[in-house]
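Scroll down for the structure; my scribbles are underneath it.
The values are calculated or read from the model by the stated rules, or taken from the named source; none is laboratory data. All figures in this text were calculated on a predicted structure; none of them were measured in a lab. Note that each Cβ is placed from the backbone with ideal geometry, even for glycine, and that neighbours are counted across all protein chains shown.
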Amino acid sequence: MKKIISLLIIGVMAVAMLAGCGVKNSGGTVSTDGSTSMEKVIGALGESYMAENKNVIFTYNPTGSGSGIKAVLEGRCDIGLSSRSLKDEEKANGLKETVLAYDGIAIIVNPANPVSDLSLEQIASIYTGDITNWKDIGGNDAKIVLIGREAGSGTRDGFESITGTEDACKYRQELTSTGDVITTVSQNPDAIGYASLASVKDSVKALSVGGVNPSESTVKDGSYVIQRPFVLVTKEGTALSETAQKFFDYITSADAAGIISAAGAVAAN
Amino acid sequence: MKGNKKTFETAVHGVFLILGLVTVCCVLLITVYLIISGIPAMHEIGLIEFLFGTTWASTAAEPSYGILPFILTSVYGTAGAIVIGVPIGFMTAVYLAKVAPPKVKTLMESAVSLLAGIPSVVYGLVGMLVLVPGIRKMFHVPDGASLLAAIIVLAIMILPSIIKVSVTALEAVPKEYEDASLALGATPVETYFKVSVPAAKSGIAAAVVLGVGRAIGEAMAVMMVSGNAANMPSLFQSVRFLTTAVASEMSYSGGLQREALFSIALVLFLFIMLINATLHFFLKRNKEG
């Protein structure tokens, strides 16, 4: 009896394994890799593309901007995603950037934190360690806990270049994704962090910078200064596969602008 | 007929040999690759500067590649995990092997096996959501992600290995030793600690070394609770281990930074080989003694 049952289970599992085979590639695949800030935007675009083109398989691998740029350079994905512009060395390596959208970097604190506005200089002083207690800027008497991203992050690069704190930030924790930063800040009442505006949820509070509230309109007209481009990275001189090229043309077209706005970023087209 | 059987035997022996060599080849391949990739950076940065430098700033405008903070963090983290994990594991093993009634024993052993099977990511997740805020509230520190959180998580992760191997070692002590001790008038507890444990000490030492091996190689769980800032280790500070140093930067590194990461991996590999050699030494003594 036991033998028959186990043979049956093995049989069912073996057949189930083959179920994945038929679905393959009647329409091709497009693989994207990189920025975790772009998760909502690229996810929404991928979903709507797959809904219109039933046979295409779209994949997104959230590894961080630096890693995404490396992946497209080494040919491990079709389109790399970066939440910062390419550096000169990267362009010299044969990479091409196409701006998809603009995204604000929200400075987030715990909802229980009474502070709701900071100037750019105050933010820079906080992150370089010159201001260490919340009470110096109108909050509670508690040490400020600095949360940041790993060194290859596009968000970190954007934040540090705009606040002028490159190589000078004294982080308490260096996390590897936008989601991690939001979770950590939502759990610690004295924490401050930075994350993509498009990904900020109700679990944290986004500060206004110099009196300007972060929103799509303030990013668009430039009054919210802490912003950076969402960039699609491709190899110069190498053509994309047909499916990937179609997807690329779709997301950079004016039709996709609505989806990008709904996801919280400002479309470039 | 006889010839056929003999060739068959030789053929099967040959297959076994080849399969065994697969494992050896894998280890050799990994060792050689690590050595070849790890040496150039050490050479370029300078061995003393690399191993004893106290600043790691691989992406700064003026990069420095000193890994002493990581080495010390891994050492302290493992030591801390051993200091907490070994007494608990050891006492549990003595209880399970000698004192526990059979029903309790089966229950506890299943619990220990379950603990052994939990993946490290789950430990990290629970640590991040429960332990880190807990440490923050209990010790009134600004942030709970610290060396202490990593030590607690590592201690819990190495408990199952220590318990299982120690229980086996204790149960292997010949009953005659204990009967003789009891016959001479010792109480059961005196017998356990003065007769059984010394008789099983090689096995228990092997258990500890196994635990050390697991603790020093852990990356995922520790990455989620320790904060990952490259500081010199201190109990409530955010720290980065050798393993997390490699894991957090490998995906986007290039040039000298990437080679330096391979050198870190080589250092880690040497630590683990040292631990394995110690384990081998203890096991051999266990067999003879």
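Numbers below:
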item: Long-range neighbours under 8 Å by Cβ, at least six apart or interchain, first residue closer than 18 Å to B:H140 by Cα and more than 12 Å from chain B (Cβ to nearest Cβ) within the stretch A:135-148, second in a helix (DSSP H, G or I) and of a type in the set (S, T, Y); result: none
item: Selected residue (criterion: farthest from the other protein chains (Cβ to nearest Cβ)) from residues of the stretch A:153-163 that are surrounded by 24 or more Cβ atoms within 10 Å (Cβ to Cβ) and touching a residue at least 40 places away in the same chain (Cβ under 8 Å); result: A:T163
item: Only listed residue being of a type in the set (V, I, T), in a loop (DSSP other than H, G, I, E, B) and at pLDDT 90 or above, chosen from A:V225, A:V219, A:V231; result: A:V225
item: Filtered residues of the stretch B:221-251 (kept if in a helix (DSSP H, G or I) and either within 13 Å of the chain's Cα centre (by Cα) or surrounded by 19 or more Cβ atoms within 10 Å (Cβ to Cβ) (or both)); result: B:A221, B:V222, B:M223, B:M224, B:V225, B:L242, B:T243, B:T244, B:A245, B:V246, B:S248, B:E249
item: Hits in the stretch A:191-243 (condition: buried (at least 23 other Cβ atoms within 10 Å of the Cβ) and within 14 Å of another protein chain (Cβ to nearest Cβ)); result: A:A191, A:I192, A:G193, A:V233
item: Residue match in the stretch A:27-40 (condition: more than 24 Å from A:K235 (Cβ to Cβ) and surrounded by 16 or more Cβ atoms within 10 Å (Cβ to Cβ)); result: yes
item: Criterion violated by B:T59 - all others in (1) assigned to a helix (DSSP H, G or I); (2) in contact (Cβ under 8 Å) with a residue 60 or more places away in the chain satisfied; result: (1)
item: Which listed residue is more than 14 Å from chain A (Cβ to nearest Cβ) and either buried (at least 19 other Cβ atoms within 10 Å of the Cβ) or within 27 Å of B:N228 (Cβ to Cβ) (or both), from B:G66, B:G127, B:G134; result: B:G66
item: So A:L118, is it within 12 Å of chain B (Cβ to nearest Cβ) and not hydroxyl-bearing (S, T, Y); result: no
item: Test: residue in the stretch B:78-93 that is assigned by TED's automatic domain parsing to the domain that holds B:A219, of a type outside the set (S, T, N, Q), surrounded by 21 or more Cβ atoms within 10 Å (Cβ to Cβ) and farther than 23 Å from B:F236 by Cα; result: yes
item: Number of the exception - B:G185 against (1) in a helix (DSSP H, G or I); (2) more than 14 Å from every other protein chain (Cβ to nearest Cβ); (3) over 19 Å from B:R240 (Cα atoms); result: (1)
